[in-house]
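Written out below as structure tokens is the structure these notes cover.
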């Protein structure tokens, strides 16, 4: 059986899938069509990845909060709040 999805080109895609194809490649966009058609997928901002941010803070403990916040694109207050929560655990 012929793989119909291999015929799909970037020009054929919706605007959202064009973003995916441009960022991740046409094959990724085709795989999303193959395996995830009809699904709604939310891609959060990095600020919503608390486990990642906690790990990042731990791995960069020599840096101050302002630098970490700048690198992650979040506020310094957000980093301080998360750091306080981490210490309570």
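The table for this structure:
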| item | result |
| --- | --- |
| Candidates 67, 57, filtered to the one that is surrounded by 13 or more Cβ atoms within 10 Å (Cβ to Cβ) and out of contact with any helix residue (DSSP H, G or I) (no Cβ under 9 Å at 6 or more places or on another chain) | 67 |
| Single match in 32, 13, 17, 82 (criterion: modelled with pLDDT of 95 or more, surrounded by 12 or more Cβ atoms within 10 Å (Cβ to Cβ) and more than 18 Å from the chain's Cα centre (by Cα)) | 13 |
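The values are calculated or read from the model by the stated rules, or taken from the named source; none is laboratory data. The model shown is predicted, which means the values in this text are computed figures rather than measured ones. Here Cβ is always computed from backbone atoms with ideal geometry, including for glycine, and neighbour counts include all displayed protein chains.
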